[in-house]
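Below is one structure, written out as structure tokens; comments come after it.
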Amino acid sequence: MNVPVTHGVRTGWGGELATWAVVGFSAGVAAGFLLGELLGASGGRRIVRLIRTLRGPRTQAERRSDLLTKVREALRADLSLAGLMLEVGFGSRGRIELQGWVATRRQRSHAYRVALETAGVPVLNRTLVRGEDDRQPFPVAPDESPRSA
């Protein structure tokens, strides 16, 4: 009887290839489930939370105060705005509000540009120009009072 002997001789990649194929398929399925959980119905919010968690325990209040400090310092450092009492604060929708009195329209627009460039977020400019914004729009005579119809 003739029996072929193949002891120690490789006949192909069949066994090893099948093993690696199963490992790769399993890893792909596991990655799919993981991404499905992360990117499910509200996946975008989950990823944002995950990224914020990985960045560190910094709170929104700290980021906001750092931003306000940067804008205040930039306004103080600008020579054309030196000595002006401009208030910087946060308004609605994450905007920075700039309030105070300036002498000219040029100072008003310059203060806005400095705040906008420094902050990188929308700025609401509520600065007023002395001599223009402090006038009454319609002079009212003392004997005239508002009348109803």
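The values are calculated or read from the model by the stated rules, or taken from the named source; none is laboratory data. For clarity, every value in this text was computed on a predicted model and none was experimentally measured. Glycine also receives a Cβ, built like all others from the backbone with ideal geometry; neighbour counts cover every protein chain displayed.
When residues of the range 87-113 are filtered for being assigned to a helix (DSSP H, G or I) and aliphatic (A, V, I, L, M), how many remain? Summing the residues that are assigned to a helix (DSSP H, G or I) and aliphatic (A, V, I, L, M) in the range 87-113 gives 1.
Among the residues of the range 55-81, the one identified as modelled with pLDDT under 85 and among the aliphatic types (A, V, I, L, M) is Ala61. If the condition is being farther than 18 Å from Arg126 by Cα and among the acidic types (Asp, Glu), then the range 77-104 contributes only Asp78.
On the given criteria, is Arg93 out of contact with any Lys or Arg (no Cβ under 7 Å at 6 or more places or on another chain), at pLDDT 90 or above, loosely packed, with under 15 Cβ neighbours inside 10 Å and of a type outside the set (Ser, Thr, Tyr)? Taking the combined requirement at face value, the residue does not satisfy it. When Leu124, Leu116, Leu84 are checked against the criterion of being modelled with pLDDT of 85 or more, among the aliphatic types (A, V, I, L, M) and either exposed (fewer than 13 other Cβ atoms within 10 Å of the Cβ) or part of a loop (DSSP other than H, G, I, E, B) (or both), Leu84 stands alone in meeting it.
Pairs linking a residue in the range 55-76 that is under 17 Å from Gly120 (Cβ atoms) to a residue that is modelled with pLDDT of 90 or more and not in a helix (DSSP H, G or I), with Cβ atoms under 6 Å and 6 or more positions apart or on different chains, are Leu68/Val88; Val71/Val88; Arg72/Val88; Leu75/Leu86.
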